[in-house]
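Some notes on the structure that comes next.
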Amino acid sequence: MAKKVLIIDDDFDLVEAMRITLEAAGYDVVDAQDGERGLEKIKSESPDLIILDVMMTSMDEGFHVAYKIREDADIKDTPIVMLTAVGNQTGFQFDPGKDADFLPVDAFLEKPVNPKKLVDVVHQNIKA
Amino acid sequence: MTLFPDTPAFSIGSMLRRDRWLIRLRWYAILGLFIGVILLKTIQLGPPSSLNAMAIVGFILLGLNLMYLAYASAKKQFAMSNLVILLNLQMVMDLFLLTILIYLTGSEESPLSFFYVFHIILASIIFPGGFSYLYSLLVIILYSGLLLLEHSVYVEHICFIHELHLIGDSRVVIGIWFVFVVTMMVSAYLAQNVTERHRRVRTKLEITNQKLQEINETKTTFFRYASHEMKAPISTIQSTLMVIEDILGTNADERIINMLNRAIGRTSETIGMLKDLADLTYGNFQEEQQFDHLSLRELLESIVSDAKPNSDRKSQSLKFNSAAAPFNFFGDADALRKIFTNLISNAIRYTHESGNIQVSLEKIDLNYVVKVTDDGQGIPASEQTNIFKEFYRTPTARKLISEGTGLGLAIVMRMVELHGGDIQVDSLEGQGSTFTVQLPFEEEL
């Protein structure tokens, strides 16, 4: 059975671009437009990996969603790939190794999204 | 003190500066007085008793000025009312002593009465409007008092110069007195008028300046939001283009692939430009700055090692020299990284293959000084002042490398300023350039 990826991002075109790439790579893709609906989808769809945008309705909505996922026993083991342009925008520098405690995500992916990198990152972080 | 208008000209700071200034001026007056007494003694003009008394006045003034100085230095916090009293006290005391000096040098015979004039000018500079009139009134009272006392025989007139005997003729005295009064009042009016006008212009300038700053801030805020808002859609456009290219694969028409690649390249350039524009306004919003304690040496080491692959590609030598000390600094790591990444990547870009680039860090007085030196093409002297301007690229840089926004050094300048530092360039065309960044640090206790 194909692995399922949930994309939580409010940019419809970006979601479509990622959906096309991921479906071509053999993944099932579901999406949600904001954090709240994202959390509902995690419960109802139980995805194998979550791609989460940092900036949605607020500058750091993605961070809060990530914390909520990690606090919920049922879903806390789902790998999270954080989608970010924040690294360039506010001067935040992310390093998943160093900031693991600070930010409970498994990987970072920078916008604009390179399709090959996207597939690589999803492939590396999704559990077999 | 409602007498004192609430303008920058009458802030506690400027009143304090005037206090120091007045004390400084008084040293010159004391020096002048002593020189005068010695001179008069040498040319044997004036009665010796009178000259000795003048010297005593000089010593009294010296003692007073030392007291004023001690008071001004000892006290850290001043209330406005205290300062006003202090300054007035000094001025009144000065005028009183000057009157004594005038008496000692022959009252209406004495040319020292001219010195009243600059006390009135001083009063109009130090205090607001009405004070210079008050002081001219005080001067007139002191002078008239002196003349009256002498003429009522309570006080004996000193004949400074034997040949001069104006005192007998009351018409002459009244004439002198009248000219004196007019001189003092006109002086007060003129001095007060000029300083008042000067203050008005200054206040106007300050208001204009404040407005300009506000406008500039609005502009920067607009820049920042605009560049952020534009970056998101362009980034999505690039993501989509990359997906299309990826899906088309290698089978597609080469022209289409080339077209897509060019489009992706152009979106990258635009994103780069928008990033630069955002960087240019970095730190405008307090909450954005992230000042922290860091080791400048470690930061530079990591920047140099990040830049290494680029210099290796051009077979250049890129070296970092620094003492082993950590060079503890309180700064914004991200902004500092941008400063030195920019300078080093410029050096790599504009230096020929197998050239040399040196980065050094040292402590000079209360500054950390970072130098980025290359033996590249250099910058002509005529262009050195322009390179920090926004969007400016030297013709040679343009010829050498076509892309580039011309914002890099403007960003560097901005980030250096954010740390209260300074940047300079030394360059000889054809021989290389040195960019020197000075970052002031505070000694840790």
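In chain B, the DSSP-assigned H stretches of four residues or longer account for a calculated mean residue ellipticity at 222 nm of -22000 deg cm²/dmol, using -39500 (n - 2.57) per stretch and the full residue count as denominator. Above 18 Å, the calculated P(r) of the range B:1-111 contains 56 percent of its Cα-Cα pairs. Rolling a 1.4 Å probe over the heavy atoms of the protein chains gives the range B:292-440 an accessible area of 47 Å² per residue. The label point for B:K389 and the one for B:Y71, both projected 7 Å from the Cα toward the Cβ, are 5.3 nm apart. If R0 equals 22 Å, the separation of the Cβ atoms of B:V172 and B:I141 corresponds to a calculated FRET efficiency of about 0.55.
Start at zero, step by 5 Å, and the Cα-Cα distances of the range B:324-376 spread as 4, 17, 24, 23, 16, 11, 5, 1 percent across the bins.
Interface between chains B and A: roughly 1600 Å² of accessible area buried, both sides summed (probe 1.4 Å, protein heavy atoms only).
Each principal axis of the Cα cloud of the range B:218-263 was taken in turn, and the coordinate range along them, longest first, works out to 51, 15, 7 Å. Along the axis of the charge dipole computed for chain B (Cβ charges of +1 for Lys and Arg, -1 for Asp and Glu, origin at the Cα centre), the listed residues B:T99, B:I387, B:S317 are led at the positive end by B:T99.
The accessible area of B:Y189, taken with all protein chains in place and a 1.4 Å probe, comes to roughly 110 Å².
Only the Cβ atoms of Lys and Arg (+1) and of Asp and Glu (-1) were treated as charged; on that basis the dipole of chain B about its Cα centre amounts to roughly 700 debye.
Take the Cα of A:K117, step 7 Å toward its Cβ, do the same at B:V179, and the gap between the two points is 9.0 nm. For an R0 of 60 angstrom, estimate the FRET efficiency from the Cβ-Cβ distance between B:S268 and B:H198 and round to the nearest 0.05. That gives a FRET efficiency of 0.60. Considering only B:V412, B:Y143, A:G35, and ranking their Cα positions along the charge dipole of the protein assembly as shown that arises from unit charges at the beta-carbon of Lys, Arg, Asp and Glu, the one farthest toward the positive end is B:Y143.
Equivalent ellipsoid of the range B:292-440: semi-axes from √(5λ) of the C-alpha gyration tensor, largest first, are 24, 18, 14 Å. Projecting the Cα atoms of B:L62, B:P128, B:W27 onto the charge dipole of the range B:8-212 (Cβ charges, centred on the Cα centre) puts B:P128 farthest toward the positive pole. Cross-linked pairs A:K3/A:K43; A:K4/A:K117; B:K204/B:K275; B:K314/B:K371: Cα-Cα separations exceed 26 Å for B:K204/B:K275. Computed over protein heavy atoms with a 1.4 Å probe, the carbon and sulfur contribution to the accessible area of chain B reaches 63%. If a spin label sat at a point 7 angstrom from the Cα of B:R398 along the line to its beta carbon, no backbone N atom of the range B:260-277 would be nearer than 17 Å. Under 5 Å between amide hydrogens, built in the peptide plane, is the criterion, and for A:I7 it picks out A:V30, A:D31, A:A32, A:I51 among residues at least 5 positions away or on other chains. With all protein chains in place and ligands, DNA and RNA left out, the 1.4 Å accessible area ranks B:R24, B:R202, B:R297 as B:R24, B:R202, B:R297, largest first.
For the range A:11-83, a crude dipole built from +1 on the beta carbon of Lys and Arg and -1 on the beta carbon of Asp and Glu, taken about the Cα centre, is about 180 debye to the nearest 20.
Within the assembled protein chains, the solvent-accessible surface assigned to B:D276 is about 40 Å², based on a 1.4 Å probe. What residues of the range B:236-256 lose no less than 30 Å² of accessible area with every protein chain in place versus their chain by itself (probe 1.4 Å, heavy atoms only)? Listed in order, they are B:T236, B:S239, B:M242, B:V243, B:D246, B:I247. Solvent-accessible area of A:D74, all protein chains in place: 130 Å² (probe radius 1.4 Å, heavy atoms, ligands and nucleic acids excluded).
Find the Rg to Rh ratio for the range B:8-212, where Rh is the Kirkwood radius over alpha-carbon pairs and Rg uses the same atoms.
On the way: Rg = 19.3 Å, Rh = 18.7 Å.
My calculation of the ratio gives 1.03.
Based on protein heavy atoms only, the range B:8-212 ends up with 56 Å² per residue of surface accessible to a 1.4 Å probe.
For B:F320, the residues 5 or more places off, or on other chains, whose built amide H falls under 5 Å of its own are B:V359. Each label was represented as a point 7 Å from its Cα along the Cα-to-Cβ direction; for B:A252 and B:D312 these points are 3.4 nm apart. Here the alpha carbons of the range B:102-246 define both size measures, Rg and Dmax, at 33.7, 115 Å.
Computed from backbone phi with θ = phi - 60° and the Karplus coefficients 6.51, -1.76 and 1.60, the 3J(HN,Hα) list for the range B:213-226 is 4, 5, 4, 4, 5, 4, 4, 5, 4, 4, 3, 5, 5, 4 Hz; x is used for glycine and proline. Computed from the Cβ-Cβ distance with R0 of 22 Å, the FRET efficiency linking B:E429 to B:N356 stands at 0.80.
Principal semi-axes of the equivalent ellipsoid, √(5λ) from the alpha carbon gyration tensor of chain B, are 72, 26, 19 Å from largest down.
Gyration tensor over the Cα atoms of the protein assembly as shown: the corresponding equivalent ellipsoid has semi-axes (square roots of 5 times the eigenvalues, largest first) of 78, 28, 22 Å.
So if each residue of separation counts as 0.36 nm, and I subtract the Cα-Cα distance between B:I364 and B:M230, what length gain in nm does that give?
43.9 nm
Accessible area per residue (1.4 Å probe, heavy atoms of protein chains only) ranks A:K111, B:K231 as A:K111, B:K231, with the largest value leading.
The values are calculated or read from the model by the stated rules, or taken from the named source; none is laboratory data. Predicted model, so just to flag it, every value in this text is computed and none were measured. Note that each Cβ is placed from the backbone with ideal geometry, even for glycine, and that neighbours are counted across all protein chains shown. The area values use the complete protein model at the heavy-atom level, side chains included, leaving out ligands, DNA and RNA. Shrake-Rupley method; radii C 1.70, N 1.55, O 1.52, S 1.80 Å.
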